[in-house]
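The structure appears right after this line, and notes come after that.
Nothing in this text is a laboratory measurement; each read-out follows from the coordinates by a stated rule. Here the structure is a predicted model, which is why all the values come from computation and not from measurement. Please note: Cβ atoms are built from the backbone with ideal geometry, for glycine as well, and neighbour counts cover all protein chains shown.
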Amino acid sequence: MEAAGRHNALTDVEGLMVGNYTDTDAVCGVTVVICLKGAVTAADVRGSAPGTRETDLLDPINLVQEAQAVVLSGGSVYGLAASDGVVRWLAEQGSGFPLEKGYVAPIVPAAVLYDLGRGKEFVPPVCADWGREACKTASDGPIPGGCFGAGTGAISGGIKGGLGNASLVTESGITIAAIVAVNSLGSVINPLTGQAWEIALELDGEFGPMGARPVELPRPGESAPVRNTTIGVVATDAKLTKSQAKKIAQMAHDGMARAIRPSHTLFDGDTVFCMATGKRKLPETPGFFINPHAQALNDLGHAAANCMSRAIIRGILNARTLAGITAIRDLNDMKA
């Protein structure tokens, strides 16, 4: 029987830590996923307006296999500056691609979302210090959801978006998890039912009474181009190659597309990273497959997609009204 991990969060994957920096005045923040010993990392970009760093390096044909951190940030193009602070912090820990004379080059891919104009200043003062402060808070414990980190200024389908987590321990003992900042053009809520599109994926009552309550969505506002983007990380303790991690990232996008409708639009920069810490071997399936891990990868990718959907829903449910953006908890009940 499927069950969530201890924290129902990305930190259920052994070897990972997550930290957040949140500025509620700027209505913006940074989330960092850290693996000091390095994790095999790949990425898949599906939206048409991405803001990213180091994603070319993650292509399976390229040299470096592992990243030491992945940064998710608000601030649009300005948010990429937060990664510089993460690089410096990791270098001080001696974590990175080994160089001569004992130096290291920390590998820190990143993706940003658009939340400009939601705080006191149109452009939030996101900088390298925000990334460094997020690293200082990193732990392998529970992760707050909603208006934290990269989800601070997020909007999803006209209501408050946020940061969400979910995890799953498979029958083989492998853990798969997702963390996501939901800032989407599309909606997580089915307007016909007033509940999440993928509510049936709930595990262990994780959505609570709020998830079961049908709500009346506000009337759609005038859409503005390139003001969205959902960005996240799926992670596992399975041993994967970069190609296999790329496939898991691809399949995780299916969970995004099921949970947010529409997804991967021209106005979104939807990006998913996959990190694999390599603590557990993939099960092998005997038969005619050239790759005996094929079925295990199929199962892991499906689990990653479900975790992504659940994390997206939890990000919305845990959000609170902020900066005039109404959270789901403050919407009216759907009229019978």
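Contact annotation: residue pairs with Cβ atoms under 9 Å, 6 or more positions apart or on different chains, pairing a residue in segment 305-334 that is under 26 Å from V234 (Cβ atoms) with a partner that is among the acidic types (D, E) and assigned to a helix (DSSP H, G or I), are A305/D254; M308/D254; S309/D254; R320/D330.
Consider S83 carefully, then state whether it is touching a His at 6+ places or on another chain (Cβ under 9 Å) and not β-branched (V, I, T). No, not satisfied. Just for segment 54-81: of the residues that are among the polar types (S, T, N, Q) and in a strand (DSSP E or B), which one is farthest from T24 (Cα to Cα)? By that ranking, first place goes to Q68. Filtered by the rule that a residue be under 24 Å from E14 (Cα atoms) and in contact with a Gly (Cβ under 7 Å, 6 or more places away or on another chain), segment 40-66 gives V40, E66. Scoring A26 on the criteria (1) free of Cβ contacts under 8 Å to residues at least 60 places away in the same chain; (2) more than 19 Å from the chain's Cα centre (by Cα) leaves a single failure, condition (1). With the structure loaded, tell me whether R88 is surrounded by fewer than 24 Cβ atoms within 10 Å (Cβ to Cβ) and part of a helix (DSSP H, G or I) or whether it fails that test. For R88, the condition - surrounded by fewer than 24 Cβ atoms within 10 Å (Cβ to Cβ) and part of a helix (DSSP H, G or I) - is met. Give the residues of segment 167-197 that are of a type in the set (A, V, I, L, M), surrounded by fewer than 23 Cβ atoms within 10 Å (Cβ to Cβ) and either assigned to a loop (DSSP other than H, G, I, E, B) or under 13 Å from the mean Cα position of the chain (by Cα) (or both), sorted by residue number. I174, L192 - these are the residues of segment 167-197 that are of a type in the set (A, V, I, L, M), surrounded by fewer than 23 Cβ atoms within 10 Å (Cβ to Cβ) and either assigned to a loop (DSSP other than H, G, I, E, B) or under 13 Å from the mean Cα position of the chain (by Cα) (or both).
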